[in-house]
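Worksheet for the structure shown next.
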C-alpha cells in the first residue's frame, strides 16, 4: 500500500460533517509544547485497513486509540486547507501537538506546479497557528506504481519549484522537508541527489525516510548512511520504520536498519531532527496485535534507541 494511494482515496475526516465552518484555528492554545517524538497517520491507516476499518472515519474513536498508545504528537497527511479546520478541534480535545504535516505536491510540470504550490501554502497558513513547524512533501512521480522516470527537463523544473516552495515557507517561518519513496533512488538516485544538490539548503531540508532510502537503494545500509554523510546537516525530520529480511514488521525493533548507528551519526552531524514513527504494514508483515499495542511498543523502543536524540 502506498501513502499517496491512500491520500487519493481518503479525504481526511471526510466523513465528519461537524465544524465545517470552524473558524478559531488561531485560538488553538492547549496542545503541549512540541517534543521530538511524533507519529504519522499513514502507519495507523495500514493497521486499520488490516482490520477493515478506516482511519479517522470516526475521529473520536481513532484518536482515543492514538493517545492510548502513549502518543502526544501527530503528523497527519493533508490535501487541502479545509482538512486543518476539521482537524484542529480534535487536536485540542485530545491535547495533541502537530509539529509537522505531510502534504501532497506535483512539481515536475510547469502547468501543474503553481496550483500545487498554492495549495501547500494555503495548508501552511492554516497549520502554522497550531504550532506546526515542518512541512513534509514527496513530489509526485510520473505515475505511482510504475517504473517511469522523470526526464532531465522535468527534474530541473521540479527542483526549481521545490526551491520556490521552500522559500515561500521559510518566509512564513516554516521548514520544507523533502521526502522520498523508492522511485527517487532509482538510476543512481539521480532524482534524489538533484533535488538536494540543486536546491538552496536554506529553502529545502530533508525528511530522511530511512527505510525508503534503504529499500529504494536495493536494501542497502551503505546507501542509507552515505545519504546521512552527504546531507546530514540538512535533516530536519526522520521517518522511522523497520524490517526484517526486507519485510516490514508490526513493531519497531532491531532489524535490517541499525537505528542505534543512525542515532550516533545524526548526533555527529549536530542535528536534532523531529523523529516520526511510521511502522507500517505490508502484505507479508506479521499479524499478532492491534494498533494500540504495536504503537505502545514502538514508543518504548524509540525512547530507548533514540535517547541520544530525544534528550
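The values are calculated or read from the model by the stated rules, or taken from the named source; none is laboratory data. All of these numbers come straight from a predicted model, not from anything done at the bench. Ideal geometry is used to build each Cβ from the backbone, glycine not excepted, and the neighbour counts take in all protein chains shown.
See the values below:
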read-out: Failed item in (1) part of a loop (DSSP other than H, G, I, E, B); (2) within 19 Å of the chain's Cα centre (by Cα); (3) free of Cβ contacts under 8 Å to residues at least 40 places away in the same chain, with residue 170 passing the rest; value: (1)
read-out: Tally, over segment 85-130, of residues that are over 17 Å from residue 176 (Cβ atoms) and in contact with a strand residue (DSSP E or B) (Cβ under 6 Å, 6 or more places away or on another chain); value: 1
read-out: Selected residue (criterion: nearest to residue 290 (Cα to Cα)) from residues of segment 64-78 that are out of contact with any helix residue (DSSP H, G or I) (no Cβ under 6 Å at 6 or more places or on another chain) and surrounded by 17 or more Cβ atoms within 10 Å (Cβ to Cβ); value: 66
read-out: Checklist (1) surrounded by fewer than 22 Cβ atoms within 10 Å (Cβ to Cβ); (2) free of Cβ contacts under 8 Å to residues at least 60 places away in the same chain; (3) in a helix (DSSP H, G or I) applied to residue 48, failing item; value: (2)
read-out: Residue selected from segment 80-100 under the condition in a loop (DSSP other than H, G, I, E, B) and out of contact with any helix residue (DSSP H, G or I) (no Cβ under 6 Å at 6 or more places or on another chain), by the criterion surrounded by the fewest Cβ atoms within 10 Å (Cβ to Cβ); value: 95
read-out: Selected residue [at pLDDT 95 or above and crowded, with 21+ Cβ neighbours inside 10 Å] from 273, 286; value: 273
read-out: Tally, over segment 198-256, of residues that are assigned to a strand (DSSP E or B) and either in contact with a strand residue (DSSP E or B) (Cβ under 6 Å, 6 or more places away or on another chain) or under 23 Å from residue 174 (Cα atoms) (or both); value: 12
